[in-house]
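Reviewing the structure listed below.
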Amino acid sequence: MVISYLGIGLGYLNKGLLFILLLSTEQIGIINLILAVGVLFAQFANLGTVFTTWKFLPYFKDESKKHHGFFPLMFLFVAIGIILFTLLCILFRTEIQQVYESKSPEFNHYYYWILPIGIGSALFMLLESYLRSFYKNIVSVVSYELILRAFITLLLLLFWVKWIDFEQLLICHSIVYLIPALILLCYLYAINELNFSFRSIQISKKFRKIIIQYAGFNYINTFGAILVQSLDVIMIASLIGLEGTGVYATIVFLASALLVPYRSMARISSPLVADYWKHREMDKMKELYTKFSSVSLLIGLASFMWIWMNIEFLFSFLPADKQAEFQPGIWVFFFLMMGRLLDMFFGLNGAIFSTSKKFKYDIVFTLILIVGVYGLNLLFIPYWGIIGAAISTGISLVFYNVARILFVWKTFKIHPFTTNQFIVIGIGVVTIVLGEFVADYISNLWIRTGVETGLFILCFVLPIFIFNLETESKNFVLKFWKRLKP
């Protein structure tokens, strides 16, 4: 999580500062549109190998037998996916470009630069999930969160001093997405886990069939999760244009920083869930489910509250010529976070669902999510612009998460809820209301920020700490404090 936050710091330097200072809103939009389509390509091309690796690799782990050739089998899946969807991108280029011809014609000029991002991301997803199954997460996080973003920072600085122009910046920005995958390949080689020998595949035809069926179902599920992240940007570009895309994509990135703790804990917890299913340890899964939910809720809610209570102050640092353009981003942030907070609160739903025997049912919820986001975007974007896109995503995520957790609760007889969690939510709501009330009487943004930050600490942080409403987080803080003492 610490490494991820360092990466987010670099990300803020890039997208929260340098992008806004050095690029026009349209240029920000085209870079983020290329990135969104590239990530979507990766999700198509990975053919469901991420959750497949988490679920089945524990059954094949045997170093002496090279894990029965599990890695080369998964690599074969991804290689086929990359080749197939590269060909489809070439064959259907004209049809895809027609979607953007009216509102975002610049996309068509840079169309093929989605491929380095897509290929690099697809390979990284496979390698990262494979390493995660061995509880080796650090190199993956460093390569993607730090090294990749450091390269992007370097490119932006080169653009700033005019050593490269915008076109070269965009091209290099796409190419650097191959770097994290190359780093993980080198790391796998260094720890003697890199195996491309198809002869080592010792998985029976019966089990291969099970794996392929599972991968097929989870292909749609994981695709749905990524599609929701990319669909807004893609549809805004086609319905509004690159200026709205630039603003929306920037706010999406800023909001994503609040998901860092959730994603960091998920890296560790998802393989544990698969192990618990393997050994039928439902008590341990229930305990992990509850702890994960409580910690994610507290960190996510606290981060959102602090940002929201000071959001006008933070937006005041934008360049004067871009403040009006980014003003709708305040409500984009709010509605996106409503959906994402529920994602965090409901915790390990995805991992529990996708690694269980009931994984096939998750496809229903994913399809509803996709249809919901797409349909509501068509309805809301023409009326409310980028705020409409955020509303549609927020609403869809709420219904999606509620439906999934009810199914998990009914089917597996487990849920992550505790009384203290709802007390934390109640305290959070009261604190926000107090902050809004106080803000009406203070016009100076600096003074308002100081007062609201004080309210946040006194009314939210201290009661949770004093009354021990979230034990795991309190223990972590106390242990960290002890380490700081001489």
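Just so you know, all these numbers are worked out from the coordinates, no wet-lab data involved. Remember, it's a predicted structure, so these values are computed and weren't measured experimentally. With ideal geometry, Cβ positions are generated from the backbone for all residues, glycine too; neighbour counts draw on all protein chains shown.
Table for the structure above
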| quantity | calculated |
| --- | --- |
| Dipole axis of the chain (+1 Lys, Arg; -1 Asp, Glu on Cβ), positive-most option in 354, 155, 23 | 354 |
| Backbone N within the range 120-157 under 17 Å of label point (7 Å from residue 6 Cα along the Cβ vector) | 137-154 |
| Debye, to nearest 20: dipole size of the chain, +1 on Lys, Arg Cβ, -1 on Asp, Glu Cβ | 2320 debye |
| Residues 2, 424, 451, sorted so that the one with the fewest Cβ neighbours within 10 Å comes first | 2, 451, 424 |
| Sites residue 196 and residue 367 - FRET efficiency at Förster radius 45 Å, r taken between beta-carbons, to 0.05 | 0.80 |
| Projected label distance in nm at residue 21 and residue 445, using a 7 Å step from Cα toward the beta-carbon | 1.7 nm |
| Links that overshoot a 30 Å alpha carbon limit, given the list 357/479; 205/410; 15/136; 15/286 | 357/479; 205/410; 15/286 |
| Residue-averaged [θ]222 nm for the chain, counting only DSSP H segments that reach four residues, each worth -39500 (n - 2.57) | -25000 deg cm²/dmol |
| Fewest-first ranking of 332, 139, using other Cβ atoms within 10 Å as the exposure measure | 139, 332 |
| Tensor-based shape of the range 271-355 (alpha-carbon gyration tensor, a/c under 1.5 rounded, otherwise prolate or oblate) | prolate |
| Shape call, the chain: gyration tensor on alpha carbons, a/c limit 1.5 | oblate |
| Gyration tensor verdict on the range 363-486 (Cα atoms; rounded if a/c is under 1.5, prolate if a/b is larger than b/c, oblate otherwise) | oblate |
| Distance between modelled label sites at residue 430 and residue 461, nm, 7 Å Cα→Cβ extension | 1.9 nm |
| Selection of chymotrypsin sites (Phe, Trp or Tyr not before Pro), the range 68-118, meeting DSSP coil and at most 15 other Cβ within 10 Å | 92 |
| FRET efficiency, residue 163 to residue 189 (Cβ-Cβ, R0 35 Å, nearest 0.05) | 0.55 |
